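Notes follow the structure.
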Amino acid sequence: MPTRRDFLKGLGATAAVAVTAGAVSVSASGHGEHHGPEIYEESYGVLTDLTKCVGCRQCEWACNEENKLRPSEPVESLEDQSIFDKFRRPDDERYTVVNRYKGKGLGGSDMFVKVQCMHCDYPPCVSACLVGALKKDPWGPVTYDAWKCIGCRYCMQACPWQIPAYEYNNLVTPRVMKCTMCFSRTTTEHEPKPDIKPSNFLGRGLPPQEKGEPSGKAPACVSACPQEAMIFGKRSELLEIAHERIKKHPDRYIDHVLGEHEVGGTAWMYIYNQPFNDIDFPKDMPDESPAALLESIQHGIFKKFASPVMLFGACATLMHVNGFFKHGDKHDTEGGSDHE
Amino acid sequence: MIQKGGPIMSNNSHAAIVKPPFFTPGVCVVAIIALIGLTGIGARFLFGLGHVTNLNNQFPWGLWIGVDVACGVALAAGGFTSAFIAEILMKEDFHDIVRPALLTAMLGYTFVGLGVFVDIGRSYNIWHMLLPSMWSPNSALFEVGMCVSCYLTVLYIEFLPIALERFKDRVPWPAVNGILHFLDRIMKKVIWIFIILGVMLSCMHQSSLGALNVIAVTKIHPLWWSPILPMLFLLSAFCVGPSMVIFESGISMRSFGIPYHYESPVLAKLGKFLPFLLIVYFTAKLVDMLNRETWVYLVDGSFEGKMFMLEVTIGVILPFCIFVSEKLRNSFVWLWAAAMMVVAGVVLNRVNVFITGVNPVYQDMTGRYSPKGWEWCVTIGCICIIVLIARLIILNLPVIHALEGGHEHE
């Protein structure tokens, strides 16, 4: 006859499993090795020198043209300065926007800030996606495959830069919208999406893109910039340029490259003359990617599937000890044939 | 005498109570709300998320994820906790609670699945997460999705013997009857696997559900964000499981006209273990708070601080005081009230983690999220649909023993 002691023992065992799992998770999070997606050592990125930006919004226009977003807008619409009156964010119709900050520039002039996806080296959105619709291409860009997407929007919850936008008003085929670093323009081996026909229906999850190589072309916004405020190139070289500029003009820049270390480093980086908090970049960004923390917790708990298997074994043992199987046999011999 | 296969497979009962009719005035009200909820689901699939919800780029997750999914999963914890007590620890006293708890878990998870289906933008792609070529083991949501879909299957399999018991020997066709008996025999042999799988999968996804927001470290208020969120979610699920069993038994005893003395002694015994579970949860929360020094947010007078205090007071401290007193525990009204508080506390906690505590970087642009009327309609309507299905099943299948007794006495 099982007693209350057994019951408490059982509870104790379960609690112990839970606590161990928690302890594993905490200890695992302490020394997070850098796993993350595969990235080429010579991956590409963009360096934006915000002190050079004059707010012409050519980049916005070029982006919309290249990615066929809001294509009907004439170039003349760029003249409209009233658009700066309102603070804007990239949304489902714009991959990139430029905002104005009055009097925050050099010598009290206006400051303009272009924002778009940062293309993190260890992107939380990629880690969050449960169907692998978001991918970090080893040479730089974070891309999105709408065919895989189920629309859970976990990527939006995960993004520390608050970049991905959702087509909430698209009833049938809503997409997550964000800058792709002009993937089809900047990559050589861009394989077209597979045709949708019943025969390859099951194959639609198979990798449509081989690892692309940079084609040498810069993203549309970078090419469009008349001020050359943005440079497209290898990330390591961009960092060298950034630090060189900061060293050369200590009066012009603060000694910080946004994106060098934030959330594990980003492909898109900024240099600027004021603390970045002042121009609405997120505050208190950790140096480690939040994805690294979560992945080490999850993989810690489920390492080699040991804890679920142990739990299963413990439960089976408890069942055996407590007579789950014994009672049944007794019943079979005593009670006879109720299943015939 | 316990039959092979434990309490799911056996039905030792009190004398039967006369069954009430399906429709009563109260049920009619529930049915009307359910219909409005169905209209809401229709509106979502006709007009899209943008028209039916207040979700935006700052707040991608709202009521449907916070309540339908997070609370639904938590409140369905009664299934695995009671299975653990009654079938794995084989506490014979608790056999009567297993089937109702199993039913609520099954329907609860169905509600979760429905909630996800309505919430995601491309509902027709929901099966993608099961496709091996798209598996993404790095994603916490992948783990939740896989576990929930597996667990839902396990729950339906666990429920199968109850349906078999109702229909075997009562179908006019011998061939079908033979199949039913064959299935029943198989189920008796393998049910233990599914019972343990249910407990295992529950522990896995209850904790992974907490892990979801660990990635949003810069957005979730420090009172709720914690690296041990998975553990806190699991521990609170342990608390809310038995509480939910007490809470629902109170409701079903009332609605099916079962006298309280039938089940309240068992439920009081269940209540005896809650102080222990609550204190473990509370300790974990407290240690985490002291460790990360987040208590400063408690006293800064912020809305979040007040919500946190409310959550802990209603959900942990007050019910602890009630459950710990033997006198109050043995009074069914107090027991039920305390269980309800734990349930309310956990609902509040899930809502806090998924909605209240979310502070996106640019929320000033859009304003804080508050659910649209349609969102409420769908959530409340879905709960009503589940209640109606539960009533239909309880009245027609041997779930609540007091309603079924008579045909398999010792």
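With a 1.4 Å probe and all protein chains left in place, how much of the accessible area of the protein assembly as shown comes from carbon and sulfur atoms, in whole percent?
Numbers: 19490 of 30570 Å².
It is 64 percent, rounded to a whole number.
Sequence-distant or interchain residues sharing an amide H contact under 5 Å with A:V142, placed H: which?
Amide H neighbours of A:V142, under 5 Å, 5+ apart: A:D137.
Obtain the nm distance between the two label points defined at A:E42 and B:I279 by a simple spin-label model: each point lies 7 Å from its Cα along the Cα-to-C-beta direction.
A separation of 6.5 nm, rounded to one decimal place.
Keeping all protein chains in place and using 1.4 angstrom, which order do B:V29, B:V217, A:V263 fall into by accessible surface area, from largest down? Show your work: numbers first, answer last.
Numbers: B:V29 85, B:V217 45, A:V263 0 Å².
So, going from the largest accessible area down, we get B:V29, B:V217, A:V263.
Give me the percent of DSSP beta bridges within the protein assembly as shown that run antiparallel, rounded to the nearest 5. Each step should come with its number before you reach the end.
On the way: 20 of 24 bridges.
Approximately 85 percent, going by the DSSP bridge assignments.
Can you flag which of A:K104/A:K247; A:K86/A:K114; B:K91/B:K272; A:K102/B:K219 are past 23 Å Cα-Cα? Write down the numbers at each step before the final one.
Numbers: A:K104/A:K247 21 Å; A:K86/A:K114 14 Å; B:K91/B:K272 14 Å; A:K102/B:K219 27 Å.
Pairs exceeding 23 Å: A:K102/B:K219.
Evaluate the charge dipole of chain B about its Cα centre and quote only its size in Debye, nearest 20, assuming +1 on the Cβ of each Lys and Arg and -1 on the Cβ of each Asp and Glu.
Numbers: 25 positive and 24 negative charges, 65 e Å.
Dipole magnitude for chain B comes out near 320 debye.
Enter the mean projected area of the convex hull around the alpha-carbon atoms of the protein assembly as shown, in nm², rounded to one decimal.
In nm², the orientation-averaged hull projection of the protein assembly as shown is 35.2.
A:E213 to A:F87: FRET efficiency via 1/(1 + (r/R0)^6), r the Cβ-Cβ distance, R0 51 Å, to the nearest 0.05?
On the way: r = 38 Å, r/R0 = 0.74.
Efficiency, rounded to the nearest 0.05: 0.85.
Among B:V342, B:S208, B:N54, whose Cα lies farthest out toward the positive end of the dipole of chain B, if unit charges sit on the beta carbon of Lys, Arg (+1) and Asp, Glu (-1)?
It is B:N54.
What is the distance, in nm, between label points placed 7 Å from the Cα along the Cα-to-Cβ direction at B:R254 and at A:Q227?
Placing both labels 7 Å beyond Cα along the Cβ direction yields 6.7 nm.
How much FRET efficiency would the formula 1/(1 + (r/R0)^6) give for B:N177 and B:A31, where r is the Cβ-Cβ distance and R0 is 25 Å, rounded to 0.05? The partial results should precede the final answer.
Numbers: r = 34 Å, r/R0 = 1.37.
Efficiency, from the Cβ-Cβ distance: 0.15.
With a 1.4 Å probe on protein heavy atoms only, work out how much accessible surface B and A bury together, total over both chains, in Å² to the nearest 100. Walk me through the intermediate numbers first.
Details: alone 18970 and 19470 Å², together 30570 Å².
For chain B against chain A, roughly 7900 Å² becomes buried.
Around B:I195, what is the net charge, scoring Lys/Arg as +1 and Asp/Glu as -1 over all other residues with Cβ under 9 Å from its Cβ? Walk me through the numbers on the way to the answer.
On the way: positive: none; negative: B:E87, B:E158.
Net charge around B:I195: -2.
Going Cα to Cα from B:K168, which lysines come in below 27 Å? Please leave out same-chain ones fewer than 8 positions away.
Once the sequence-local lysines are set aside, what remains near B:K168 is A:K326, A:K330, B:K4, B:K19, B:K188, B:K189.
Taking θ = phi - 60°, what integer Hz values does the Karplus form 6.51 cos²θ - 1.76 cosθ + 1.60 yield along the range A:247-254, in sequence order, with x for Gly and Pro?
5, 6, 10, x, 7, 8, 10, 7
Evaluate the Kirkwood expression for the hydrodynamic radius of the range B:6-404, namely the inverse of the mean inverse distance over all pairs of different C-alpha atoms, and round to one decimal in Å.
Details: mean 1/r = 0.0452 Å⁻¹.
That comes to 22.1 Å for the range B:6-404.
Please give me the summed charge of the neighbours of B:N396: other residues whose Cβ is under 10 Å from its Cβ, Lys and Arg +1, Asp and Glu -1. Before the final figure, lay out the partial values.
Values: positive: B:K19, B:R166, B:R391; negative: none.
Neighbour charge sum, excluding B:N396 itself: +3.
Note down the relative contact order for chain B as a percent, whole number, built from C-alpha pairs under 8 angstrom at least six residues apart. Write down the numbers at each step before the final one.
Values: 552 pairs, mean separation 138.4, N = 410.
Relative contact order here is 34 percent.
Sorted by accessible area with a 1.4 angstrom probe, largest first, how do A:K217, B:K269, B:K327 fall? Walk me through the numbers on the way to the answer.
Numbers: A:K217 115, B:K269 90, B:K327 175 Å².
Per-residue accessible area, sorted high to low, gives B:K327, A:K217, B:K269.
Only protein chains counted, 1.4 angstrom probe. Which residues of the range A:267-300 are at least 40 Å² less accessible in the assembly than when their chain is isolated?
Listed by number, the residues meeting the 40 Å² cut-off are A:P290, A:L293, A:L294, A:I297, A:Q298, A:H299.
The values are calculated or read from the model by the stated rules, or taken from the named source; none is laboratory data. The shown structure was predicted, so the numbers you read here are calculated from the model rather than taken from an experiment. A quick note on method: Cβ atoms are made from the backbone with ideal geometry, for glycine too, and the neighbour counts reach across all protein chains shown. Heads up: the accessible areas ignore ligands, DNA and RNA and are worked out on the full protein's heavy atoms, side chains in. Shrake-Rupley method; radii C 1.70, N 1.55, O 1.52, S 1.80 Å.
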